[in-house]
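Undergrad: Take a look at the following structure, please.
The values are calculated or read from the model by the stated rules, or taken from the named source; none is laboratory data. Please read these numbers as outputs of a predicted model, since none were measured by experiment. Positions of Cβ are backbone-derived with ideal geometry, glycine not excepted, and every protein chain shown enters the neighbour counts. Note: areas computed on protein heavy atoms with side chains; ligands, DNA, RNA excluded. Shrake-Rupley method; radii C 1.70, N 1.55, O 1.52, S 1.80 Å.
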Amino acid sequence: MSLANYEEKATDFGNPNWVAYQTIVRTEVRRFTRIWVQTMIPPAITMTLYFIIFGSLIGRRIGEMGGFDYMAYIVPGLIMMSVITNSYANVSSSFFGAKFGKFIEEMLVSPISNQTILLGYVTGGVARAVFVGIIVTILSLFFTHLAIHNILAVVSITLLTAVLFSLLGFINGVYAKRFDDVSIVPTFVLTPLTYLGGVFFSIDLLPDFWAGVAQLNPILYVVNAFRFGILGVSDISLGWAYGILISMTVVAYVIAVRLLANGAGVRS
Amino acid sequence: MSYALEINSLKKTYDNGFEALKGIDLTVEKGDFFALLGPNGAGKSTTIGILCSLVNKSSGSVKVMGYDIDHDFGMAKRHLGVVPQEFNFNQFEKTQNILINTAGYHGIPRAEATPRIEHYLKRLGLWDKRDNPSRALSGGMKRRLLIARALVHQPDLLILDEPTAGVDIELRRGMWDFLTEINNQGTTIILTTHYLEEAEALCRNVSIINHGEIIANSSTRDLLASLHTVTFVCDLAAPIDSVPVIEGYECALPDAMTLEVEVDKGQSLNEVFAALSAHQVSVTSMRTKTNRLEELFVSMTSGDSK
């Protein structure tokens, strides 16, 4: 095929970045669905254990929290915990895997823009977070009744949270040099912050000082905003939650795009 | 004139201070079959890395088919196909999916890519393996998969970084035929290789890079013509006891059935054969002691110019 013909045909294909974006998303979704035993089953089992132990067994002795029975109170936080860990893990491990196997070079030598690469990976992370979030939500219905208070808040907070933690996972993947590097943040940062982020308790229970400290934890805003969407109660203002989530997402996006533009972790 | 590749004052200094490229200039004409040669660490891979955005250059400019890789990033990439040294594809992905993905990254939808992929997989003998995970392919098949992947967007400039490394002779010859075929169809090819016989057989023009500098850049024929001395190895019909004296030529006798004769530029083999006939020495076959390009390459890169 001559050069002139190729250029004509390339134009006929439409926006090449859109095709590239669809390709990355399809590849990402195929990846986490192909290894569903590693990606879908563990959160389902873990969350079921949380529902049984914290909700049914311990929760009966705790009684009510925030005006709801304890099981209903912790379900929104546990769903968000799944969304956070799965969006983060999907992007960090997938991007690092592509670096480690060097097949990230397939994208780097192609005409795809950096933003398309980033959006493709983030969409993959959001897709997995939503899949797992739905699975955990369905499982929770075996243990409690969920009446959605504000569907817009539920959808928007889920998507915003998944986008933010996918971006953070991407940044982790860029800097990671070993497989250990993609598990350090989830283990030593995300999990503790999630436990301290009001999944299992209201910050009203904390002494003033620690309640103030807790407000530095971004996961607190995620959990409470989502809990507002499901139950209609929150320890913090919804406006603050959106403001912080959107601000962090914008900052994380700018950092991720800059890292890609500079070739951090992928170009020498 | 618009070139397939135009490199101007290209420099690369790595973070550790190593100066891999010291300001090289290089042009490759459209339709050429070009060899970029050099010893390990000479700067070949750095140059290729810069062309395909895997290495950030320190300064200088690079144009692919007239498109600057900094200012016309998308168009430059669209015209460039790269076959790397390493198997840098997803080992868990099916052979066919690797090509579908690569086509997608170049903006080519699946429906358009599918017939192209079928063509290249069949042409390169991989069609039966299309649904196999790439990790299950043999080394030679993986090498061919890299070539198919580099061609799926039908680039006008194809760069192959040691494509026949570790490939058996039959497969290597098959690859040569295929590369010659696509070059004849108009694709410009730049080849790096350690098999200098390969460069001599395939490439019309050659550039030799050493210590980050281009030390030779001309047609293969002209470069070979600059070789001052060629050593010919003659297989003899019958054993001889001593080295025959041929005036003006240096001869050696490694064993009784083999005679080596050094022939300088301007000297004639006819004189050698006439002298050997006079000495009653009969030659059954003859070959050059080393590949001619290899001889030149070694003398240039070792600084030992004959």
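Undergrad: Every residue in the range B:54-64 that is within 7 Å of another protein chain (Cβ to nearest Cβ) and open to solvent by 20 Å² or more (accessible area, probe 1.4 Å), please.
TA: Step one: list which residues in the range B:54-64 are within 7 Å of another protein chain (Cβ to nearest Cβ), which gives B:54-56.
Answer for the range B:54-64, where residues must be within 7 Å of another protein chain (Cβ to nearest Cβ) and open to solvent by 20 Å² or more (accessible area, probe 1.4 Å): B:Leu54, B:Asn56.
Undergrad: Right, another one. Could you check, for the range B:66-74, whether at least one of its residues is at the interface with another protein chain (Cβ under 8 Å from one of its Cβ atoms) and outside any helix (DSSP H, G or I)?
TA: Of all residues in the range B:66-74, those at the interface with another protein chain (Cβ under 8 Å from one of its Cβ atoms) come to B:73-74.
Now drop any that are not outside any helix (DSSP H, G or I), which leaves none.
No, every residue in the range B:66-74 fails to be at the interface with another protein chain (Cβ under 8 Å from one of its Cβ atoms) and outside any helix (DSSP H, G or I).
Undergrad: A further question follows. Select from the range B:77-86 the residues that are surrounded by 17 or more Cβ atoms within 10 Å (Cβ to Cβ) and at the interface with another protein chain (Cβ under 8 Å from one of its Cβ atoms) and list them in ascending order.
TA: B:Lys77, B:Arg78, B:His79, B:Leu80, B:Val82, B:Pro84
Undergrad: Here's a check for you: in the range A:72-110, which residue that is open to solvent by 10 Å² or more (accessible area, probe 1.4 Å), more than 14 Å from chain B (Cβ to nearest Cβ) and aliphatic (A, V, I, L, M) is nearest to B:Phe92 (Cα to Cα)?
TA: The residue in question is A:Ala89.
Undergrad: Right, another one. So which residues in the range A:196-230 are within 16 Å of the chain's Cα centre (by Cα) and either hydroxyl-bearing (Ser, Thr, Tyr) or over 17 Å from A:Ile84 (Cα atoms) (or both), if there are any at all?
TA: A:Tyr221
Undergrad: Ok, one more. Taking A:Ser113, is it within 14 Å of chain B (Cβ to nearest Cβ), of a type in the set (Ser, Thr, Tyr) and open to solvent by 10 Å² or more (accessible area, probe 1.4 Å)? Please lay out each step first, then the result.
TA: Details: within 14 Å of chain B (Cβ to nearest Cβ): yes; of a type in the set (Ser, Thr, Tyr): yes; open to solvent by 10 Å² or more (accessible area, probe 1.4 Å): yes.
So A:Ser113 passes the test.
Undergrad: Within the range B:119-214, which helices (runs of 4 or more DSSP H) (wholly inside it) include 3 or more residues that are over 20 Å from B:Glu86 (Cα atoms) and either out of contact with any Cys (no Cβ under 6 Å at 6 or more places or on another chain) or away from chain A (no Cβ under 14 Å) (or both)?
TA: Details: elements: B:139-151, B:169-184, B:196-202.
The qualifying helices (runs of 4 or more DSSP H) are B:169-184, B:196-202.
Undergrad: Moving on to the next point. What are the residues in the range B:235-249 that are part of a strand (DSSP E or B) and either within 33 Å of the chain's Cα centre (by Cα) or without any contact (Cβ under 8 Å) to a residue 12 or more places away in the chain (or both), if any? Show your work before the answer.
TA: Keep residues of the range B:235-249 that are part of a strand (DSSP E or B), which gives B:235-236.
B:Asp235 - this is the single residue of the range B:235-249 that is part of a strand (DSSP E or B) and either within 33 Å of the chain's Cα centre (by Cα) or without any contact (Cβ under 8 Å) to a residue 12 or more places away in the chain (or both).
Undergrad: Still on this structure, I have one more. Go through the range A:161-208 and report how many residues are closer than 22 Å to A:Gly124 by Cα, in contact (Cβ under 8 Å) with a residue 12 or more places away in the chain and among the aliphatic types (A, V, I, L, M).
TA: 11
Undergrad: May I ask you to verify whether B:Arg110 is in contact (Cβ under 8 Å) with a residue 60 or more places away in the chain, open to solvent by 30 Å² or more (accessible area, probe 1.4 Å) and closer than 20 Å to A:Asn17 by Cβ?
TA: Numbers: in contact (Cβ under 8 Å) with a residue 60 or more places away in the chain: no; open to solvent by 30 Å² or more (accessible area, probe 1.4 Å): yes; closer than 20 Å to A:Asn17 by Cβ: yes.
So B:Arg110 does not fit the description; no.
Undergrad: Also, quick follow-up: Among the strands (runs of 3 or more DSSP E) lying completely within the range B:250-301, list those that include at least 2 residues that are free of Cβ contacts under 8 Å to residues at least 40 places away in the same chain, in contact with a strand residue (DSSP E or B) (Cβ under 9 Å, 6 or more places away or on another chain) and open to solvent by less than 80 Å² (accessible area, probe 1.4 Å). Outline the logic, then answer.
TA: Values: elements: B:250-255, B:258-264, B:283-288.
Per the criteria, B:250-255, B:258-264.
Undergrad: Can you find even one residue in the range B:93-103 that is facing another protein chain (nearest Cβ under 7 Å) and either open to solvent by less than 10 Å² (accessible area, probe 1.4 Å) or not in a loop (DSSP other than H, G, I, E, B) (or both)?
TA: Just the residues of the range B:93-103 that are facing another protein chain (nearest Cβ under 7 Å), to begin with: B:101-102.
Filter again for either open to solvent by less than 10 Å² (accessible area, probe 1.4 Å) or not in a loop (DSSP other than H, G, I, E, B) (or both), leaving B:101-102.
Yes, some residue in the range B:93-103 is facing another protein chain (nearest Cβ under 7 Å) and either open to solvent by less than 10 Å² (accessible area, probe 1.4 Å) or not in a loop (DSSP other than H, G, I, E, B) (or both).
Undergrad: When you scan the range B:22-31, how many residues do you find that are within 13 Å of another protein chain (Cβ to nearest Cβ) and open to solvent by less than 50 Å² (accessible area, probe 1.4 Å)? Even if it seems obvious, please write down each step before you answer.
TA: Quick first cut of the range B:22-31, residues within 13 Å of another protein chain (Cβ to nearest Cβ) only: B:30-31.
Remaining after also requiring open to solvent by less than 50 Å² (accessible area, probe 1.4 Å): B:31.
Of the residues in that region, 1 qualify.
Undergrad: Specify which of the listed residues (B:Phe89, B:Phe73, B:Phe34) is farther than 21 Å from A:Arg31 by Cβ and either in contact (Cβ under 8 Å) with a residue 60 or more places away in the chain or surrounded by 24 or more Cβ atoms within 10 Å (Cβ to Cβ) (or both). Quick ask: steps written out before the conclusion?
TA: Working: B:Phe89 fails: farther than 21 Å from A:Arg31 by Cβ; B:Phe73 fails: either in contact (Cβ under 8 Å) with a residue 60 or more places away in the chain or surrounded by 24 or more Cβ atoms within 10 Å (Cβ to Cβ) (or both).
Result: B:Phe34 is the single residue among B:Phe89, B:Phe73, B:Phe34 that is farther than 21 Å from A:Arg31 by Cβ and either in contact (Cβ under 8 Å) with a residue 60 or more places away in the chain or surrounded by 24 or more Cβ atoms within 10 Å (Cβ to Cβ) (or both).
Undergrad: Where residues in the range A:211-264 are buried (at least 18 other Cβ atoms within 10 Å of the Cβ) and within 14 Å of another protein chain (Cβ to nearest Cβ), which of them is modelled with the lowest pLDDT?
TA: So, considering only residues that are buried (at least 18 other Cβ atoms within 10 Å of the Cβ) and within 14 Å of another protein chain (Cβ to nearest Cβ), the one modelled with the lowest pLDDT is A:Leu260.
Undergrad: Which residues, counting only those in the range B:104-115, are facing chain A (nearest Cβ under 9 Å) and part of a helix (DSSP H, G or I)?
TA: At the first step, the residues of the range B:104-115 found to be facing chain A (nearest Cβ under 9 Å) are B:104-110, B:112.
Of everything in the range B:104-115, those that are facing chain A (nearest Cβ under 9 Å) and part of a helix (DSSP H, G or I) turn out to be B:Gly104, B:Tyr105, B:Arg110, B:Glu112.
Undergrad: Another question, then. List the number of the failed condition for A:Tyr121; all other conditions in (1) over 27 Å from B:Gly104 (Cβ atoms); (2) surrounded by 24 or more Cβ atoms within 10 Å (Cβ to Cβ) hold.
TA: It is condition (1) that A:Tyr121 fails.
Undergrad: Here is a list: B:Leu21, B:Leu36, B:Leu10. Which entry is closer than 15 Å to B:Ala216 by Cβ, assigned to a strand (DSSP E or B), assigned by TED's automatic domain parsing to the domain that holds B:Cys203 and of a type in the set (A, V, I, L, M)?
TA: On the way: B:Leu21 fails: closer than 15 Å to B:Ala216 by Cβ; B:Leu10 fails: closer than 15 Å to B:Ala216 by Cβ.
Checking each option against the conditions leaves just B:Leu36.
Undergrad: I'd like the full set of residues that are under 30 Å from A:Val91 (Cβ atoms) and open to solvent by less than 40 Å² (accessible area, probe 1.4 Å), limited to the range A:33-62.
TA: Those that are under 30 Å from A:Val91 (Cβ atoms) and open to solvent by less than 40 Å² (accessible area, probe 1.4 Å): A:Thr39, A:Met40, A:Pro43, A:Ala44, A:Met47, A:Thr48, A:Tyr50, A:Phe51, A:Gly55.
Undergrad: Which fully enclosed helices (runs of 4 or more DSSP H) of the range A:1-57 have 3 or more residues being within 14 Å of chain B (Cβ to nearest Cβ) and either modelled with pLDDT under 90 or in contact with a helix residue (DSSP H, G or I) (Cβ under 6 Å, 6 or more places away or on another chain) (or both)?
TA: Details: elements: A:3-12, A:16-34, A:36-39, A:41-50.
Output list reads A:3-12, A:16-34.
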